[in-house]
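Asks: Got a structure for you, written out below as C-alpha cells; questions coming shortly.
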Amino acid sequence: ALQMLGTLQLEGDTWALVSAPDGEIHRVMVGSYLGQNNGKIIAIDSSEGVLEIEERYRGVSGRWELRPSEMRSGR
C-alpha cells in the first residue's frame with residue numbers, strides 16, 4: 001500500500017512524499033496522479049499531514065464516478 005511520509009515546501013510549492021510498496025519514494029504535488037486507480041491529488045494539508053485524493057472508478061452502472069479519499073502521514 002502507498003504511505004504518506006510527510007510534506008515539504010520547495011520554491012513556494014507544497015509537495016508530499018509518498019512511499020510505494022517497492023520502497024521507492026515519490027514526490028507529488030496537487031494535480032499529480034498516483035496509485036492503481038490513478039487518484040488525482042486535489043489538496044495537500046501540510047499542517048494536518050493529509051493528502052486529499054479523488055479516484056475515478058467505474059461504478060456498477062458502468063459509468064465513471066469519482067470517489068474522494070485521503071492519506072495521512074504516519075507522524
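Read the figures in this text as sums done on the coordinates, not as results from a lab. Because the structure is a prediction, the values reported are computed rather than measured. Quick reminder, even Gly has a Cβ in these numbers, built from the backbone with ideal geometry, and neighbours come from all protein chains shown.
Asks: Just name the residue that is surrounded by the most Cβ atoms within 10 Å (Cβ to Cβ) out of those in the range 1-48 that are part of a loop (DSSP other than H, G, I, E, B) and polar (S, T, N, Q).
Replies: So, considering only residues that are part of a loop (DSSP other than H, G, I, E, B) and polar (S, T, N, Q), the one surrounded by the most Cβ atoms within 10 Å (Cβ to Cβ) is 32.
Asks: Can I ask one more? Being loosely packed, with under 11 Cβ neighbours inside 10 Å and over 16 Å from the mean Cα position of the chain (by Cα) is the filter here, so list the residues in the range 60-75 that pass it.
Replies: Listed by number, the residues that qualify are 60, 61, 62, 63, 64, 75.
Asks: Out of curiosity, is residue 7 among the polar types (S, T, N, Q) and touching a Gly at 6+ places or on another chain (Cβ under 8 Å)?
Replies: yes
Asks: What about residue 53, is it in a strand (DSSP E or B) and over 14 Å from residue 1 (Cβ atoms)?
Replies: Considered against the rule, which asks whether it is in a strand (DSSP E or B) and over 14 Å from residue 1 (Cβ atoms), residue 53 comes out as no.
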